[in-house]
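Below is one structure, written out as structure tokens, with a few remarks after it.
The values are calculated or read from the model by the stated rules, or taken from the named source; none is laboratory data. Fair warning: this is a prediction, and the values are worked out from it, not measured in the lab. Every residue, glycine as well, gets a Cβ built from its backbone with ideal geometry; the counts of neighbours run over all protein chains shown. For the accessible areas, the whole protein counts, side chains as well, though only heavy atoms, and no ligand, DNA or RNA atoms are used. Shrake-Rupley method; radii C 1.70, N 1.55, O 1.52, S 1.80 Å.
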Amino acid sequence: MINIDTDMLIPKQFLKTIKRTGLGQHLFSEMRFDDQGKEKPGFVLNQPAYRQSNILIAGENFGCGSSREHAPWALMDFGIRCVIASSFADIFYNNCFKNGILPLIVPQQVVDTLMEDAGKAPTPA
């Protein structure tokens, strides 16, 4: 997806903390879980091959929206250490560096190739 904003990364109801831990369980909450709190099996990070991913391949303008630092905290707490995209929102991009996440900007063609390769779904070790 393109234009993943910080509200999608960590919805506002989980911003009541100043701790950098515990937010990973809520990463992409509205996309990962249904209204009863059960995992949506179609969401990529709920699939066994990607559940323990350290690298996230994203669409352009990743991290747009409000400048909440909770977004990189949630990614880091989930285990994401690198986000690869063709572009990032400036504040999010800088917040990643401040919080130990490597945001890599690559041409869209590279993102497309990485997405295609990742779609081959290796079996987890």
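Quick notes
- With a simple spin-label model that places each label point 7 Å from the Cα along the Cα-to-Cβ direction, the separation between Glu39 and Met1 comes to 1.8 nm.
- Note on the chain: antiparallel DSSP beta bridges, both residues inside, total approximately 10 percent of the bridges counted.
- On the basis of the beta-carbon distance and an R0 of 30 Å, Thr21 and Gln108 show a calculated FRET efficiency of 0.30.
- Listed pairs Lys19/Lys98; Lys12/Lys120; Lys40/Lys98; Lys40/Lys120 exceeding 22 Å between Cα atoms: Lys12/Lys120; Lys40/Lys98
- The aspartates and glutamates whose alpha-carbon is closer than 18 Å to the alpha-carbon of Lys38, local same-chain residues fewer than 8 away aside, are Glu30.
- Two numbers describe the Cα atoms of the chain: Rg and Dmax, which are 13.9, 39 Å.
- Euclidean distance between Cα centres, region 1-32 to region 34-67, Å: 10 Å
- Area accessible to solvent at Tyr93, 1.4 Å probe radius, in Å²: 60 Å²
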